[in-house]
1. Report Rg(Cα)/(2.2 N^0.38 Å) for the range 44-113, keeping two decimals.
2. Please find, in a Gaussian network model of the chain (springs between Cα atoms separated by less than 10 Å), the residue of GLY102, GLY287, GLY41 whose mean-square fluctuation is greatest.
3. Full-extension gain between PHE301 and SER215, please, as 0.36 nm times their residue separation minus the C-alpha to C-alpha distance.
4. Could you state the per residue volume, in Å³, of the convex hull enclosing the Cα atoms of the chain?
5. Report the Stokes-Einstein translational diffusion coefficient (µm² s⁻¹, integer) for the range 108-164, Rh taken as the Kirkwood radius over Cα pairs, at 25 °C with viscosity 0.890 mPa s.
6. Take the alpha carbon atoms of the range 60-168, find their radius of gyration, then divide it by 2.2 N^0.38 Å using N residues; give the quotient.
7. Taking all protein chains as present, what is the carbon and sulfur share of the accessible area of the chain, in % to the nearest whole number, probe 1.4 Å?
8. Just reorder ASP110, ASP296 by solvent-accessible area, largest first, 1.4 Å probe, all chains present.
Amino acid sequence: MRSRSPALLAAFALVVSLASAEAQTYPDRPIKVIVPIGPAGSYDIVGRLLADQLSKRLGQSAVVENRPGAGTIVGTQAVINSPPDGYTLLIGGLSNIVFNAGLYQKLPYDPLNDLVPVALVFNISYTLVATKDLPYSTPKDVIAAAKKDPGSLKLANAGIGTGQHIMGAAFMKLTGTTFLEVPYRGSAAAFPDLLAGRVDLFVDSTPAALPYIKSGQAKGIAILASKRSPQIPDVPTMTEAGVPNLEIDSWIGLFAPAKTPPAVIARLQQAIAEALPELKPRFEQNGGEVIDMPPDKLKPFLAAEYDKWIKIIREAGIRLD
């Protein structure tokens with residue numbers, strides 16, 4: 001094997017030394033946290049709560065910048081193209097880290113290789129909610145009716161390729177049912193028709209469904225999660241209602257460009273770990289739960305989520321290009 005020149009080795013050592021020194025002084029200027037959607041919504045809430053905690057614990061301001069566009073692609077791509085120095089971070093979730101890889105044939109980034117997970121912090125469940133006059137009140141009854149007369153029940157979604165659309169597709173796949181899918185421009189547009197009985201069912205995030213279930217305007221059929229929501233304790237999980245293997249959680253976390261120095265990632269992880277006790281009640285107020293996942297479990301978890309959801313999306317034939 002050819003030996004390296006002393007000059008080359010010295011240059012390499014200098015680069016390593018400078019990178020180490022930079023990581024030790026990190027951060028020495030403000031940090032930008034990119035949220036790849038507009039203001040409001042779970043991504044934005046998590047981004048602002050995280051930025052506030054990072055500002056408190058790192059001694060530098062962390063500023064949220066909303067960068068919406070092309071179904072979270074614009075903001076995600078902006079972070080991937082930024083210097084891997086820890087000063088431009090991304091709020092990532094199922095949509096931009098997993099779903100887009102199945103929805104777009106020519107996605108301009110590789111979510112598992114172009115980004116490194118810093119932490120997953122926020123978990124929300126999804127709930128199957130029905131118009132209050134639907135004659136079925138349990139998952140078993142809904143599934144039986146859908147199997148008896150495929151396409152007779154109308155299932156709303158928040159638009160082609162949205163989380164609600166894909167969660168609905170997962171529900172149909174896992175239960176072997178067929179519903180007449182009715183797309184809307186977001187959850188806010190779907191709920192009026194659900195409340196009026198123009199559609200029968202909707203799989204939406206539990207935080208979004210909460211006010212309608214609690215007020216009695218809609219009926220909570222079951223939560224697609226491992227445990228009940230403390231906000232609507234009377235709504236059972238799918239497993240409790242006799243339909244196992246229907247635990248579908250959505251997560252949100254913080255990501256950095258690939259090749260960000262490990263020492264910088266570790267500093268961010270330390271700050272977030274210290275912040276989790278303060279974040280817990282704030283997340284619960286917003287209908288979610290805090291995630292405390294060890295750093296060495298992040299990449300295996302994301303790889304498993306990627307494989308699971310890409311398969312569901314492709315088998316359902318959902319595409320956006």
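The values are calculated or read from the model by the stated rules, or taken from the named source; none is laboratory data. Please read these numbers as outputs of a predicted model, since none were measured by experiment. Every residue, glycine as well, gets a Cβ built from its backbone with ideal geometry; the counts of neighbours run over all protein chains shown. Surface accessibility is based on the protein's heavy atoms, side chains included, excluding ligands, DNA and RNA. Shrake-Rupley method; radii C 1.70, N 1.55, O 1.52, S 1.80 Å.
1. Dividing the Cα Rg of the range 44-113 by 2.2 N^0.38 Å gives 1.18.
2. Of the options given, GLY41 has the highest mean-square fluctuation.
3. Extending this stretch completely gives an extra 27.3 nm.
4. Once divided by residue count, the hull of the chain is 145 Å³.
5. Approximately 161 µm²/s, per Stokes-Einstein.
6. Compared with the compact-globule rule of thumb, the range 60-168 sits at 1.45.
7. Roughly 55 percent, rounded to a whole number.
8. So the residues, ranked largest to smallest area, are ASP296, ASP110.
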